[in-house]
1. 7 Å from Cα along Cα→Cβ at both residue 39 and residue 80: what's the point-to-point distance in nm?
2. Can you check how the C-alpha radius of gyration of the range 7-48 compares to 2.2 N^0.38 Å, as a plain ratio?
């Protein structure tokens, strides 16, 4: 698992970058962090306008509130029948 940096620290590094006091590589060397990490912070800042950590943020695909497996199974069966019919036409 990677290191976690405070928003205060991230904003300090980002401010230096935005003021033209260095690029991600030189700032990475200065603070002993990956330039990739700084590039990620810059990208997030450009996308969101801030670097605040979203406490409720989770990785990966969002879960659906209700999953109807029977309905999905029926759709899959119909799709498989369709594919079988298509193969038969060739």
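1. If labels sit at residue 39 and residue 80, their model points lie 4.4 nm apart.
2. Working: Rg = 9.1 Å, N = 42, 2.2 N^0.38 = 9.1 Å.
My calculation over the Cα atoms of the range 7-48 gives 1.00.
The numbers here are math on the coordinates, done by the rules we state, and not lab data. Everything numeric in this text was worked out from a predicted model, so none of it was measured. FYI the Cβ positions are ideal-geometry reconstructions off the backbone, even for glycines, and counts take in every protein chain you see.
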